[in-house]
1. Whose amide H sits under 5 Å from the amide H of Ile215, counting only residues 5 or more places off or on another chain, with H placed in the peptide plane?
2. Using the alpha carbons of the stretch 277-424, what is the convex hull volume per residue in cubic angstrom, as a whole number?
3. The stretch 368-384 to the stretch 251-277: how many Å between their Cα centroids?
4. Which value at 222 nm does the chain reach when only helices count, each DSSP H run of 4 or more adding -39,500 (n - 2.57), with the total divided by all residues and rounded to the nearest 500 deg cm²/dmol?
5. Work out the charge dipole of the chain with +1 on the Cβ of Lys and Arg and -1 on the Cβ of Asp and Glu about the Cα centre, then indicate which of Tyr463, Tyr350, Cys176 is farthest towards its positive end.
6. Rounded, prolate or oblate for the stretch 145-366? Axes are the square roots of the Cα gyration tensor eigenvalues, ordered a ≥ b ≥ c, and the cut-off for rounded is a/c under 1.5.
7. Report, in order of residue number, the helices in the chain meeting two criteria: a C-alpha extent of 20 Å or more along the helix axis, and a mean Kyte-Doolittle hydropathy of at least -1.0; treat each whole DSSP H run as one helix.
8. I want the antiparallel fraction of DSSP beta bridges within the stretch 145-366, as a percent rounded to 5.
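The values are calculated or read from the model by the stated rules, or taken from the named source; none is laboratory data. Predicted model, so just to flag it, every value in this text is computed and none were measured. FYI the Cβ positions are ideal-geometry reconstructions off the backbone, even for glycines, and counts take in every protein chain you see. Heads up: the accessible areas ignore ligands, DNA and RNA and are worked out on the full protein's heavy atoms, side chains in. Shrake-Rupley method; radii C 1.70, N 1.55, O 1.52, S 1.80 Å.
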Amino acid sequence: MKPRYYSLVKELRRAFPQPVSDRIHDAYFGHAIMQAIDQVDAMKSERPMLGEPVELDFAAARKCRIDDDSATLEDVTEKLVSYLSGLFVWGHPRSQINVIPPATIPSIIGNLLPSIYNPNLVSEETSRSVALAEVEAAAIAADLVGYDSSQAAGVFTFGGTGTLLYAIRTGLEKACPGTAQTGLKEEAVVVCSETAHYSCRTVASWLGLGAENVIEVPTSPENEVRTCLLETMLRDALKAGKKVAAIVATMGTTDAFGLDDLKEIAEIRDRMVDEFSLDYIPHLHADAVIGWAWSVFNDYDMDANPLGFRHRTIRALAGTRRRIRHLSLADSIGVDFHKTGFAPYVSSLYLVKTQADLELIAREPSSMPYLFQSGEHHPGRYTLETSSSGSGPMAALGSLRLLGKNGLRSLLGHLVTMSDTLTEHLDGHTSTHVLNAENFGPVTLFRVYPPGVDTFSVPAQEYSNPEFRETLLAHNEYNRRIFDEIQSEALQGRGVVISLTECYRETEYGAPIVALKSYIMSPFSDEKYVDAVLESIARAREIVGQ
Ligand SMILES: *Cc1c(COP(=O)(O)O)cnc(C)c1O
């Protein structure tokens with residue numbers, strides 16, 4: 001007689017993919033996935049949300065415990081699906097919330113396959129050909145941004161934040177060699193713009209540099225770093241004897257799609273090396289987690305325009321290209337496929353121009369005795385991660401292979417066209433004012449004004465004249481109320497879900513400018529949903545009144 005546990009094990013074997021081909025069980029496995037997809041499908045509606053809005057009860061969640069007995073696959077699936085209730089559908093045309101893309105089906109399959117077979121990217125021993133997928137995705141991205149792909153290398157990591165961590169860690173080792181062993185012995189700074197992502201500060205604090213050592217350079221109204229101030233502030237830091245761990249150029253800011261002048265920044269960096277006779281070259285990182293995708297337009301023939309974009313779109317694409325085409329001047333680049341590559345979370349690539357830079361952050365093989373018994377490809381020597389999923393590169397490849405250059409160009413071109421159409425319509429109304437008209441991405445930041453406000457003069461006065469502080473703050477509050485109305489209408493399936501940013505940027509006198517934000521990422525977006533934003537604003541103004 002077999003012990004009781006054994007029959008449980010036998011039962012549970014059915015809940016695993018079979019190790020040896022079993023077509024009947026494969027059908028069961030496939031059916032289980034289909035069942036989940038079917039159940040999610042039943043949660044879809046005209047609303048840009050799955051199921052119903054839910055009140056989140058965290059107190060009840062903390063009381064959750066494991067059951068004594070096993071459950072069936074079907075029961076667990078149903079439970080898991082229920083967690084999707086209330087989730088926004090980023091791919092819904094009524095959803096214009098943030099830089100979160102819907103994922104393509106091949107990228108979802110790319111994400112899924114490794115979760116069945118658990119390749120570990122730490123080494124080729126454990127990832128086999130999935131290691132090639134990582135190298136291929138990196139090679140494709142390197143070539144797109146203009147790196148020599150025979151010199152470049154890349155590693156997938158845990159988000160855009162991770163790419164910044166790798167970059168600043170690398171730069172720190174250049175500026176202060178040996179820090180990995182000895183710890184930080186001198187003050188080192190990171191230089192970025194005030195509209196750079198907050199993860200620059202996160203990384204500085206986690207690396208022990210200290211968030212206070214992130215020098216945030218003011219930006220122009222176009223949300224680009226003021227390069228003359230960058231030069232001054234960099235010079236001041238060097239004069240004060242500080243090391244420069246990294247200069248971060250933001251190539252596509254999170255809120256407004258601002259693009260730093262990377263070429264000018266690289267020239268400033270080189271000048272500083274001469275001026276101070278530095279014995280290291282400060283690491284220049286391009287945080288292009290959003291902007292990288294526009295590199296597909298580097299070789300697009302804007303005059304012949306074979307894809308037939310309208311003139312205004314061509315202008316917008318050219319406006320972005322004039323910055324993005326210099327990406328290869330950076331020593332390293334952050335790429336998020338889960339932002340503008342239409343891939344599921346998490347798919348982020350840290351790219352370096354020269355492979356040797358990865359050696360700067362490598363560990364001694366003797367410190368990892370159980371790894372790397374064979375082969376030559378061992379990313380785990382320099383990655384922060386030990387276990388590392390193959391899902392990132394496989395998902396990235398899924399989207400890249402599906403779309404090709406022209407697919408990605410068409411999708412991005414469409415999103416930019418939609419966003420530009422919104423800008424055009426908002427410009428045509430006296431009650432609205434577009435804040436980032438000179439940024440050419442899929443995001444539009446704007447403010448709505450109460451009746452009677454002169455939107456030709458007031459926005460400029462609010463921005464620069466401290467006497468308008470109270471007016472600005474009152475209009476901030478007005479925009480919050482407009483947002484609440486738009487939001488509640490959208491959740492009922494009318495209008496569009498947009499978002500609100502509490503501080504699009506600060507005024508010249510240091511007050512926060514609240515803005516409404518439309519981030520168009522859905523391939524299903526269309527002009528009628530752009531109109532829906534305007535109609536919704538009009539209804540919200542009626543309700544909010546003065
Ligand atoms: C989103 C974003 C990040 C952080 O990336 P995650 O993938 O969310 O970790 C960093 N920089 C910029 C400019 C971003 O927009």
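1. For Ile215, the qualifying residues are Val190, Val191, Cys192.
2. Working: hull volume 23.1 nm³, N = 148.
About 156 Å³ per residue, rounded to a whole number.
3. Cα centroid to Cα centroid, the span is 34 Å.
4. My calculation for the chain gives -13500 deg cm²/dmol from helical runs alone.
5. With unit charges placed on the Cβ atoms, the residue in question is Tyr350.
6. prolate
7. 23-41, 129-145, 160-175, 391-427, 527-544
8. Of the beta bridges lying entirely in the stretch 145-366, close to 45 percent run antiparallel.
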